[in-house]
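Trainee: Quick one: this structure, given as structure tokens, is what I'll be asking you about.
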Amino acid sequence: NIALDQLRTDEKWRPDPRVVAEAIGADLIALWAESFAAGHAVAEAMTGSKLKRPPTPHSGAVEEVSAALAEDLSRALDEAGEGTRERQSAASKVFRVWRSDEAEQRLRALAIRAYEQGVEKSIATLDS
């Protein structure tokens, strides 16, 4: 909605990955942390023992996803032409694709990566 509002009021509007990151960052960080914690819980179940919980590592997901969405929006706006309606329509199409497919794939990959790291790093604490 922010992007569509900006397109209505500013013909030269371009997506800013930092603004996208502000809008979606907290949810991506929460997904990463919860998936890592789930991996830790599975590691404890696999080993049958209480393991030291390693710190949740930093994820570059916020930057990666924000940059990818901003890039897709920029490309669509470049191809749309100059009209406000055309640019809004192009942006809407990008958001529909992201809501239905792209975001789901990226979020699933992010969650799996964090989960796997949670398992690996937790099991590695057995050697400590």
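Trainee: Take the residues in the range 49-86 that are small (Gly, Ala, Ser) and in a helix (DSSP H, G or I); name whichever of them is nearest to the chain's Cα centre (by Cα). Walk me through how you get there before you give the answer.
Mentor: First, pick out the residues of the range 49-86 that are small (Gly, Ala, Ser): 49, 59-61, 66-68, 70, 74, 76, 80-81, 83.
Narrowing the set further to residues that are in a helix (DSSP H, G or I) leaves 61, 66-68, 70, 74, 76, 80.
Numbers: Ala61: 5, Ser66: 7, Ala67: 10, Ala68: 9, Ala70: 12, Ser74: 18, Ala76: 20, Ala80: 25 Å.
Looking at the filtered set, the residue picked out is Ala61.
Trainee: Something else: Please go through the range 16-58 and give me each residue that is more than 30 Å from Ala91 (Cβ to Cβ) and surrounded by fewer than 14 Cβ atoms within 10 Å (Cβ to Cβ), ordered by number.
Mentor: Passing the criteria: Ala45, Met46, Thr47, Gly48, Ser49, Lys50, Lys52, Pro55, Pro57, His58.
Trainee: Would you point out the residue of the range 59-81, among those that are touching a residue at least 60 places away in the same chain (Cβ under 8 Å) and not small (Gly, Ala, Ser), that is nearest to Phe95 (Cα to Cα)?
Mentor: Top of the filtered list is Leu73.
Trainee: Is there a residue being in contact with a Lys or Arg (Cβ under 9 Å, 6 or more places away or on another chain), of a type in the set (D, E, K, R) and modelled with pLDDT of 95 or more anywhere in the range 29-45?
Mentor: yes
Rundown of residues vs (1) at pLDDT 90 or above; (2) part of a helix (DSSP H, G or I); (3) farther than 25 Å from Glu34 by Cβ, yes/no style:
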residue	(1), (2), (3)
Gln88	no, yes, yes
Trp98	no, yes, no
Asp101	no, yes, no
Leu107	yes, yes, no
Ile112	yes, yes, no
Glu116	yes, yes, no
Glu120	yes, yes, no
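Trainee: Here's a follow-up. Regarding Ser100, is this residue within 20 Å of Gly25 (Cβ to Cβ) and not charged (D, E, K, R)?
Mentor: no
The values are calculated or read from the model by the stated rules, or taken from the named source; none is laboratory data. Computed from a predicted model, the values in this text were never measured in an experiment. Glycine also receives a Cβ, built like all others from the backbone with ideal geometry; neighbour counts cover every protein chain displayed.
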